[in-house]
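Inspection log for the structure reproduced underneath, given as structure tokens.
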Amino acid sequence: MPTIKSELQIERSKFKPTLPAVLRSGPTGVLPRMGKPTQSLSDQSSLQSIFPKTYGLPLAVFSKGRNAVVGKKSIRLGVVLSGGQAPGGHNVLAGLFDALKKANPKNKLIGFLGGPSGILENKWVDLTAPLVDRYRNTGGFDMIQSGRTKIETPEQFNAAKQTLETNRLDALVVVGGDDSNTNAALLAEYFKAQGLAISVVGVPKTIDGDLKNEDIEASFGFDTATKIYSEVVGNICRDVLSAQKYWHFVRLMGRSASHITLEVALKTQPNLALIGEEVLAKKMTLAQGVDQIAQAVARRAETKKNYGVVLIPEGLIEFIPEMKDLISGLNDTLAAQEPRLASVSSFEEKRSIVASALSAPLAALLNSLPQSIQAQLMLDRDPHGNVQVSQIETEKLLVEMVKTRLAVLKAEGKYAGKFAAITHFFGYEGRCGAPSNFDATYCYALGYNAAVLSLNGLSGYLSSVKNLTQPAAQWVPGGVPLTSMMNVERRKGKEKPVIQKALVKLDGPPFRAFEKMRDSLVLEDAYVYPGPIQYFGPSSVTDITTKTLQLES
């Protein structure tokens, strides 16, 4: 069935991403230059024993030079989209396709369907020019879809090996976040241990912005997603100023890190934004966080401003030490009491059973929460038996607790305003948007670069494109070893290698910039209205990068 295109899609299909100058001659005009051996962020001896074949690889940097070898032999390359969607994924596929065909028109690109499960089940589609052209510069992952299956058991590794051998693949590109690229590193190690000449290359993807380091300046999708969220938050800020009667509590994507909330705060200047990493560093309690918001509401009420905007990261609860302890205690208690809980029907009975099994402080904390949140904490569990923190409506929890705190302040004569709140969660709205000019170009370069890494037989690398605040022609392509970004963490009771998530640095330029302005934002109406993503127009508007990237550079 042909894709029905909107007017914008028709115009966007004409957009031509700019390649870094080094890549413009195609793969046959690029030479890989290898640097010094690398080492992991920590746990060096443990990781070296886990990755004996791929640990310590050198950084790869590309320079111009004749490299006819990569074009002499035709290759077959597979690609898989893994994890949550992020704007620009289709341009990664387009970059891969174009680079392969530029090196040798006989090269083949196949896309595994539905994520890593497509590898295990040998389900794929031939990515042809007509198919790829249909999806250039579009959002979503619908060309081949994505999935969250992990390849981690011996049986799964063997199934992946059989699929790649059956299809005579020379390389596999894994497009994903930290978990997916950890999986890519394990596959690269497994294939080398099996004596297979199959390159495995990763591409950094996540709208959360937590896959970055010195060599990965940004994960793709973060730019577009934060622009989408900022447009809507900016609209709410304008509505707040127009109606002047509501407090809007907005929860934003970002369970493990608060990069999205920080970026949207820098772009829109709300009255308050909670940053999870700061909450953790200060060991704030839930009550302290609630009081911080209530005090801001009371201060604004003194100036007759009974309205405002509060931004909250999705993972805020897990950054609050006592809430993290409560969730851990609930995970253990729910599992231990499962037969008993299954025999009762009323919520009150279930809460009583759970509370009696918790320590006194945790039971008191649970009982202090609104009943709706208690229900979410106790009843919503994932397949592993854990509380689904991302499903907890933190914004509603805070609203209810702020109401209670304001009632106390009112009784003490410290608050005389009115408090009416509206809650929002902006998450999925940002994952599949049409990519910004930055993401459309960045993703195309990442894909093209991943193909060059693969054509040169480099395995266990993540596609890296640096110098991103400069025009695309000046970007610096290369490859960073996946093991160099790893440490060892305890997951499900076992020590496992993982690519370390990048959290908001409280001493970093983006947070410091926000910190300087936030006290004044509580009382002022200094809202900024970014508006929709601009695809056409002056470069100062269309090609602007995130505040985070600008400040970090």
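The values are calculated or read from the model by the stated rules, or taken from the named source; none is laboratory data. For clarity, every value in this text was computed on a predicted model and none was experimentally measured. No Cβ is skipped: glycine too gets one built from the backbone with ideal geometry, and neighbour counts run over all protein chains shown.
Restricting region 153-180 to residues that are among the charged types (D, E, K, R) and touching a residue at least 40 places away in the same chain (Cβ under 8 Å) leaves a set whose member that is surrounded by the most Cβ atoms within 10 Å (Cβ to Cβ) is 178. Output yes when any residue across region 200-208 is surrounded by fewer than 24 Cβ atoms within 10 Å (Cβ to Cβ), in a loop (DSSP other than H, G, I, E, B) and not assigned by TED's automatic domain parsing to the domain that holds residue 390, and no when none is. No, region 200-208 has no match at all.
Please verify whether residue 95 is closer than 23 Å to residue 206 by Cα and either aromatic (Phe, Trp, Tyr) or assigned to a helix (DSSP H, G or I) (or both), treating the condition exactly as stated. So residue 95 fits the description; yes. Can you name the residue in region 513-522 that is in contact (Cβ under 8 Å) with a residue 12 or more places away in the chain and out of contact with any helix residue (DSSP H, G or I) (no Cβ under 6 Å at 6 or more places or on another chain) and, of all such residues, is surrounded by the fewest Cβ atoms within 10 Å (Cβ to Cβ)? Among residues in region 513-522 that are in contact (Cβ under 8 Å) with a residue 12 or more places away in the chain and out of contact with any helix residue (DSSP H, G or I) (no Cβ under 6 Å at 6 or more places or on another chain), the one surrounded by the fewest Cβ atoms within 10 Å (Cβ to Cβ) is 517. Taking the criterion of being among the aliphatic types (A, V, I, L, M), in contact with a helix residue (DSSP H, G or I) (Cβ under 8 Å, 6 or more places away or on another chain), part of a helix (DSSP H, G or I) and over 12 Å from residue 528 (Cα atoms), the residues of region 222-259 that qualify are 225, 228. Within region 345-355, none of the residues are in contact with a helix residue (DSSP H, G or I) (Cβ under 8 Å, 6 or more places away or on another chain), crowded, with 18+ Cβ neighbours inside 10 Å, modelled with pLDDT of 90 or more and closer than 20 Å to residue 282 by Cβ.
Restricting to region 210-250, count the residues that are of a type in the set (D, E, K, R) and either within 14 Å of the chain's Cα centre (by Cα) or surrounded by 24 or more Cβ atoms within 10 Å (Cβ to Cβ) (or both). Residues meeting the conditions: 5. The conditions of being of a type in the set (D, E, K, R), outside the structural domain of residue 189 (by TED's automatic domain parsing) and either farther than 30 Å from residue 59 by Cα or exposed (fewer than 15 other Cβ atoms within 10 Å of the Cβ) (or both) are met by residue 525. Listed here are the strands (runs of 3 or more DSSP E) enclosed by region 1-87 that have at least 1 residues being among the polar types (S, T, N, Q): 58-64.
Out of 142, 178, which single residue is among the charged types (D, E, K, R) and out of contact with any His (no Cβ under 9 Å at 6 or more places or on another chain)? Of 142, 178, the one residue that is among the charged types (D, E, K, R) and out of contact with any His (no Cβ under 9 Å at 6 or more places or on another chain) is 178.
Of the helices (runs of 4 or more DSSP H) entirely within region 260-361, those holding at least 3 residues that are in contact (Cβ under 8 Å) with a residue 40 or more places away in the chain occupy 276-281, 286-302, 316-319, 321-336. With respect to residue 78, determine if the residue is in contact with a Leu (Cβ under 9 Å, 6 or more places away or on another chain) and modelled with pLDDT of 95 or more. Here the answer is yes, as residue 78 does meet what is asked. Consider region 116-139 and keep the residues that are crowded, with 19+ Cβ neighbours inside 10 Å and under 19 Å from residue 95 (Cα atoms). The one that is nearest to the chain's Cα centre (by Cα) is 139.
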